[in-house]
1. Determine, yes or no, whether Arg10 is in contact (Cβ under 8 Å) with a residue 40 or more places away in the chain, out of contact with any Pro (no Cβ under 7 Å at 6 or more places or on another chain) and either outside any helix (DSSP H, G or I) or of a type outside the set (A, V, I, L, M) (or both).
2. Could you tell me which residue of the stretch 1-34 is farthest from the chain's Cα centre (by Cα), considering only residues that are surrounded by 11 or more Cβ atoms within 10 Å (Cβ to Cβ) and acidic (Asp, Glu)?
3. What are the residues in the stretch 18-68 that are under 26 Å from Ala8 (Cα atoms), without any contact (Cβ under 8 Å) to a residue 12 or more places away in the chain and not hydrophobic (A, V, I, L, M, F, W, C), if any?
Amino acid sequence: MDLLREIARRIRDGSARISDALNRMYQHKAAGDFDSARQEMRDVLAVEVVPLYREIAEGQLEDMADEP
């Protein structure tokens, strides 16, 4: 049961973390600040353990590779 609680906690925390970071990333992109947008995803990758949320952050970084 402890394992299931830990899994649920990581998913809950990771979901909130990626959602918040994506919102901030989109705001930075809209303002033309691609360096800050990229940093939001790097910050997620520095702490994220849930594979799906890591993939999302990595994909966003790849999508911004051609931006200034």
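The numbers here are math on the coordinates, done by the rules we state, and not lab data. The structure presented is a predicted model; accordingly, all values stated were derived computationally and were not measured. Cβ atoms come from the backbone with ideal geometry, glycine included; neighbour counts cover every protein chain shown.
1. yes
2. Looking at residues that are surrounded by 11 or more Cβ atoms within 10 Å (Cβ to Cβ) and acidic (Asp, Glu), I get Asp33.
3. Ser19, Asp20, Asn23, Pro51, Arg54, Glu55, Gly59 - these are the residues of the stretch 18-68 that are under 26 Å from Ala8 (Cα atoms), without any contact (Cβ under 8 Å) to a residue 12 or more places away in the chain and not hydrophobic (A, V, I, L, M, F, W, C).
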